[in-house]
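Data block below; observations after.
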Amino acid sequence: MSWSDADRAFMAQAIELATGRMGETWPNPAVGCVIVKDGRVIAQAATAPGGRPHAEEQAVPAAGAEVAGATVYVTLEPCGARSSGRQSCAHFLTEAQVGRVVVACLDPSPFAAGRGTERLRAKGLTVETGLMCEEGAALCEGFLHRLETGRPMVRISKDGAGFDGRFAASAKADLVTELKRLGEAGYTRLWTSPGELAEALREQGLLTD
């Protein structure tokens, strides 16, 4: 896929929006959405604190009538279904009759897993994926880690900026059980300081470098 400089700039803007919400949107990942018409941004949004509303369902109404035929840049594949049963983000985009959707990376969760892009394409929308995928994937690494393991990701940090919270268990505790409990509570990305706990996590393969 050949991307234009404008495509890269608008996706970078979506990534910046999502980055600003890191640590505020769990149990959902932070997602950024930028809607462009005739080379001009007409709406933008990021996942709201607490994980809802999603970025697309905020940006589409904000764009108003201009949204028809617009290009949407989104950092993660729009959901094809919702756990709550509400309208999916793919539905919002098709109903709005946007013309093109550019996605940084696909979402393997049960509520996306290709269903979002399939729904968009089935309605005749142009869908392109993979633009700045590495940067997009970094935004949802904790979400995907929890999806795969049932545990939040844990990294060492000095100040915890952008994390869901701090992991402060005893180094002698059953760390897997403690992390599973926090995963069930919805945490996706935790931080800890260098020290005994960090070493215990590393020894058990529970610390992400």
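The values are calculated or read from the model by the stated rules, or taken from the named source; none is laboratory data. The model shown is predicted, which means the values in this text are computed figures rather than measured ones. Cβ sites come from the backbone with ideal geometry, for glycine too, and all protein chains shown count toward neighbours. To get the accessible areas, we keep the full protein, side chains included, count just its heavy atoms, and leave off ligands, DNA and RNA. Shrake-Rupley method; radii C 1.70, N 1.55, O 1.52, S 1.80 Å.
Highest mean packing first, where packing is the average number of other Cβ atoms within 10 Å per residue, the peptides 101-109, 181-189 line up as 101-109, 181-189. Per residue, the solvent-accessible area of the chain (1.4 Å probe, heavy atoms of protein chains only, all protein chains present) comes to 46 Å². A probe of 1.4 angstrom, applied to the heavy atoms of all protein chains, finds Lys37 with accessible area near 50 square angstrom. Computing Rg and the Kirkwood Rh from the Cα coordinates of the stretch 9-114 gives a ratio, Rg/Rh, of 0.93.
The ellipsoid equivalent to the alpha-carbon distribution of the chain has semi-axes of 34, 16, 14 angstrom, derived from the gyration tensor eigenvalues as √(5λ) and listed largest first. Expressed as a whole percent, the accessible area of the chain that falls on carbon and sulfur atoms is 48 (1.4 Å probe).
Taking every DSSP helix (H) stretch of at least 4 residues in the chain, weighting each as -39,500 (n - 2.57) and dividing the sum by the residue count yields a mean residue ellipticity at 222 nm of -10000 deg cm²/dmol. Bridge orientation summary for the chain: considering DSSP beta bridges with both residues in this region, about 40 percent are antiparallel. When peptides 56-65, 153-162, 14-23 are sorted by average Cβ neighbour count within 10 Å, with the highest value leading, the order is 14-23, 56-65, 153-162. Counting only residues at least eight positions apart within a chain, or on another chain, the lysines with an alpha carbon under 25 Å from that of Lys37 are Lys123. Could you compute how much accessible surface Thr117 exposes when probed at 1.4 Å, giving the result in Å² to the nearest 10? About 10 Å², rounded to the nearest 10.
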